[in-house]
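Okay, structure first, notes after.
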Amino acid sequence: MENRRQPIVSVLGHVDHGKTSLLDHIRALGTGRQASVMDREAGGITQHIGATEVPADLLNELCGPLMGGNTFESPGLLFIDTPGHHSFSTLRARGGSLADVAILMVDINDGCMPQTIESIRILKAAKTPFVIAANKVDRIHRWESVRDRPMALALRNQTTEALGYFDEKYWKLVGSFAEHGFNLERYDRIKDFTKEIALVPISAREGEGIQDLLAVVIGMAERYLGDKLTDIEGPGEGTVLEMKEERGLGKTLDVILYRGSVKKGDEIVLTTEDGGISTRVRGMFSPRGMSEMRDAGDRWDSSDAAFAASGLKISAPDLDGVLAGTTMRVVSSEKERTAAISLANKEANISVELEEEGVTIKADTVGGLEALAKELGEIDIPIRHATIGKVNRRDVRGAENANDPLHRIIMAFATDILSDAQTEIDNSENGVKFIDSDIIYRILEEREEWVETRTRELEEESREVVVYPGRIRLLPDHTFRVSKPAVVGVRVLAGRIHVGQKLLKDGLPSGRIKSIRSGQDTMKEAIQGAEVAVAIDGVTVGRQIEENDILLVDIPASHAKKLRKMDLTSAEREVLEELSEIHRKTDHFWGR
């Protein structure tokens, strides 16, 4: 056991199929239950990677009866919990996946969902051995669950009716996976793990079948990983999960060490937005017992050295700007430092393909940014700008300059917007849209809704003739009819007037232009300097309007956007600004 590291196990699958519930239950198998991670996650979905170590002695005690008297030869299992397939696909180690083995969670009642299939594709591409955990059997009609019972025993104690419902769902899953080229078989019937994928029915909520699942994972690790688990010697390599500010420690890094070792005082090379940097380990800490890294709180033990595979917290100087999802490398010579910084410089160049025209995306980590970019790429959305960090004014201005109105959008995954950038968006005359969420699929759904709405607006605008603003004076002694409609002589002081336009007096609605006449001629519009007779619906001379009154000719908000880009006279622009000031008293975004 001393010459082997513990395998890294990734848990992945479709949204809400039970990934975090499984790990919550596994942690509860230890001496003390830790706080549920799920209680804190956005929308009940894990959005950042956590790590949990389960020691071999607990695994052997729990799974011994199912392992035929064999014992687990590694120090334990290190579970990482990922947001669906996203971080699994972007966290790399030595050119492959960070995980040695994977558990693919599938809701047996929902079956294969789009993200399930995507997860399978990634597992296949990474050549990562995996097992299917068919979760939520406790929701099958007539199924009777007993907490923490082995699944082999649970299956023998169900009614014929419950087993009939189970088989129906099981065979549907088998058929779905077969469509994608995979042979599924129930774990207790499997003959060749190289040709068939094991399916273990479980209830993560009740703990039913968890022992069986862990026993299968242990068996796969022992059978297939071999020499892969012996790389505990030599300089350490790890993946940075997150940078945090810790009281008394300052900035720290949460790291999964997947190769070699690291000690206090070691020089390490890290990746920042500006490239590789080198610093030295000032302190190292491991989560106590079976604490999950994000929930360890003050349950951290200081240590002088750590060996793969493990989750640890590192404190060191100069950690500003270290990118989550990148590699930490231990170096011990000038040559190693130069080589490591060169590799870090390559990592700093985010692998998102950019176009001359496209949308703007932001995220808090490299993995998050690449995951969002990947989803957009699958629906053929080009990306013009992609960076890590909070949304700033430069991002907004970049989005404003997009030629395609449907590309004037900023999508932010798990990151915030700075207040001055929000102000810039509020004042934008080009209609920049900002969408942010801790869940990628919600960002994509909201973008799709916005595109549909914006497309309709653009189509309507293209069909409309632009209506110009104007200012008129009601001429004295030129009232031809007092009402229904009022007919008065007016002088166009600025801009122009159109049939159908609304009029404002002191910012309040004052009728609508029904017709315009000059002598015997009917007109559609009259421009600055003209004196014409105007019929006005909805008002009475002597009540709502008076001779010598000055009225503004109103325009639709959508036309104000167009007019700002047009070559207006100074008088027209003056009226436009006056109208904007009036309307923005009640609608801050009018005409923006």
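Where a number appears in this text, it was derived from the coordinates with a stated rule and is not lab data. Please read these numbers as outputs of a predicted model, since none were measured by experiment. Note that we place each Cβ from the backbone using ideal geometry, even for glycine, and neighbour counts take in every protein chain shown.
Just a few scattered comments:
- Simple point charges give the picture: +1 on the Cβ of Lys and Arg, -1 on the Cβ of Asp and Glu, and for the chain a dipole about the Cα centre of about 520 debye.
- Debye equation applied to the C-alpha atoms of segment 359-463, log10 I(q)/I(0) at 0.16, 0.19 Å⁻¹: -0.65, -0.92
- The mean sequence separation of alpha-carbon pairs under 8 Å and at least six residues apart, normalised by the residue count of the chain, gives a relative contact order of 10 percent.
- Kyte-Doolittle mean at least 0.5, axial Cα span of 15 Å or more - DSSP H helices of the chain: 210-224
- Segment 183-250: proportion of alpha-carbon pairs further apart than 13 angstrom, %: 76 percent
- Links that overshoot a 26 Å alpha carbon limit, given the list Lys136/Lys244; Lys484/Lys505; Lys374/Lys562; Lys251/Lys362; Lys374/Lys433: Lys136/Lys244; Lys374/Lys562
- Residue order, fewest to most surrounding Cβ atoms within 10 angstrom, among Ile379, Ile388, Ile140, Ile8: Ile379, Ile388, Ile140, Ile8
- Between Arg543 and Ser570, the contour length at 0.36 nm per residue exceeds the alpha carbon distance by 6.5 nm.
- Net charge, Pro476 excluded, C-beta distance under 15 Å - Lys, Arg +1, Asp, Glu -1: -3
- Database remark: amide H of Lys251 closer than 5 angstrom to the amide H of Glu246 (H placed geometrically; neighbours at sequence offset of 5 or more, or on other chains; Pro and chain starts carry no H).
- Segment 325-413, Rg to Rh (Cα coordinates; Rh as Kirkwood inverse mean 1/r): 1.10
- Distance from segment 452-507 to segment 303-317 (C-alpha centre basis), Å: 72 Å
- The GluC sites (Glu not before Pro) of segment 523-592 that DSSP puts in a loop, and whose beta carbon has at most 16 other beta carbons within 10 Å, are Glu546, Glu547.
- Beta bridges per DSSP, both residues in the chain: antiparallel share near 70 percent.
- Taken about its Cα centre, segment 137-213 carries a charge dipole of roughly 40 debye when the Cβ of each Lys and Arg holds +1 and the Cβ of each Asp and Glu holds -1.
- For Ile417, Ile582, the sequence from fewest to most other C-beta atoms within 10 Å is Ile582, Ile417.
- Calculated mean residue ellipticity, 222 nm, the chain: -8500 deg cm²/dmol, from DSSP H runs (n ≥ 4) at -39500 (n - 2.57) each, averaged per residue and rounded to 500.
- For segment 237-348, the Cα gyration tensor yields ellipsoid semi-axes of 22, 14, 12 Å (square root of five times each eigenvalue, largest first, whole Å).
- Farthest toward the positive end of the dipole of the chain, out of Thr116, Leu576, Ile256, is the Cα of Leu576, where the dipole comes from beta carbon charges about the Cα centre.
- Each of Ala308, Gly507, Phe193 was scored by the projection of its Cα onto the charge dipole of the chain, and the greatest displacement toward the positive side belongs to Gly507; charges sit on the C-beta of Lys, Arg, Asp and Glu.
- Under Karplus coefficients 6.51, -1.76 and 1.60, residue-wise ³J(HN,Hα) of segment 484-499 in Hz, glycine/proline x: 6, x, 6, 10, 9, x, 9, 10, 7, 7, 7, x, 7, 10, 10, 4
- In whole percents, the pair-distance distribution calculated for segment 470-583 from its alpha-carbon pairs, binned every 10 Å from zero, is 15, 50, 29, 6.
- Think of segment 359-463 as having a plus end and a minus end, set by charges on the Cβ of Lys, Arg, Asp and Glu; of Asn403, Tyr441, Leu458, Asn403 sits farthest toward the positive end of this dipole.
- Working note: Debye formula, equal point scatterers on the alpha-carbon atoms of the chain, no solvent; log10 I(q)/I(0) at q = 0.05, 0.09, 0.10, 0.11 Å⁻¹ is -0.35, -0.77, -0.88, -0.99.
- In a DSSP loop and with at most 13 other Cβ atoms within 10 Å, the GluC sites (Glu not before Pro) in segment 232-276 are Glu233.
- Of the residues Thr194, Thr365, the one with the fewest other Cβ atoms within 10 Å heads the list, and the complete ranking is Thr194, Thr365.
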